[in-house]
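The values are calculated or read from the model by the stated rules, or taken from the named source; none is laboratory data. What you see is a predicted model; the values in this text were computed from it and never measured. Note that each Cβ is placed from the backbone with ideal geometry, even for glycine, and that neighbours are counted across all protein chains shown. Please note that ligands, DNA and RNA were not included when accessible areas were found on the heavy atoms of the full protein model with its side chains. Shrake-Rupley method; radii C 1.70, N 1.55, O 1.52, S 1.80 Å.
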Amino acid sequence: MSLSCQQLPGVALIQVGGQLDVTNDTQLEAFVLQARRRLSDHLVFDLGELTFMGSSGLRVVLDAYRAGAGHGGAVYLAALQPEPARLVEITGAGRHLRVCATALEALTHALAARITE
């Protein structure tokens, strides 16, 4: 799994590539904790290069949602590939996570939300 992060005002763009499963979910969890400067920060997960996401990986993303939800922080999933998209769909996680077609779309929404808050 590959991870990178770009910081924007009130938004962290986290790019995840490869495969996310029980063997590396704690790596993502630690990365998210470091990337999110405040619980009110929005997180955008660019998953365009993520070919597989297991339930343990989705748990990390949902934990990030739960941590920020009470503080105004939202979580966006961008550029979902077919397998991760199916997991999000069948679990109903999309009810809590904002799913966008592209990272640019997700960033646009996240930054716009920061301006109006």
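For the reader, a short list of remarks on this structure follows.
- Phi angles of segment 102-111 translate, via the Karplus equation with coefficients 6.51, -1.76, 1.60 and θ = phi - 60°, into HN-Hα couplings of 9, 5, 4, 4, 4, 4, 4, 5, 5, 5 Hz per residue; Gly and Pro are given as x.
- Shape call, segment 54-117: gyration tensor on alpha carbons, a/c limit 1.5: oblate
- Inter-label distance, nm, simple model (7 Å from Cα along the C-beta direction), residue 37/residue 22: 3.7 nm
- Relative contact order (%) - criterion: Cα under 8 Å, at least six apart; region: the chain: 26 percent
- DSSP beta bridges confined to the chain are antiparallel in about 30 percent of cases.
- Per-residue ellipticity at 222 nm, computed for the chain from helices alone with -39500 (n - 2.57) per DSSP H run of at least four residues, works out to -13500 deg cm²/dmol.
- Approximate spin-label separation residue 62-residue 4, in nm, with each point projected 7 Å along Cα-to-Cβ: 3.0 nm
- Rolling a 1.4 Å probe over the protein chains gives residue 90 an accessible area of about 110 Å².
- Net charge over other residues, Cβ less than 14 angstrom from the Cβ of residue 108 (K, R count +1; D, E count -1): 0
- Residue-count net charge about residue 7 - beta-carbon cut-off 13 Å; Lys, Arg +1, Asp, Glu -1: +3
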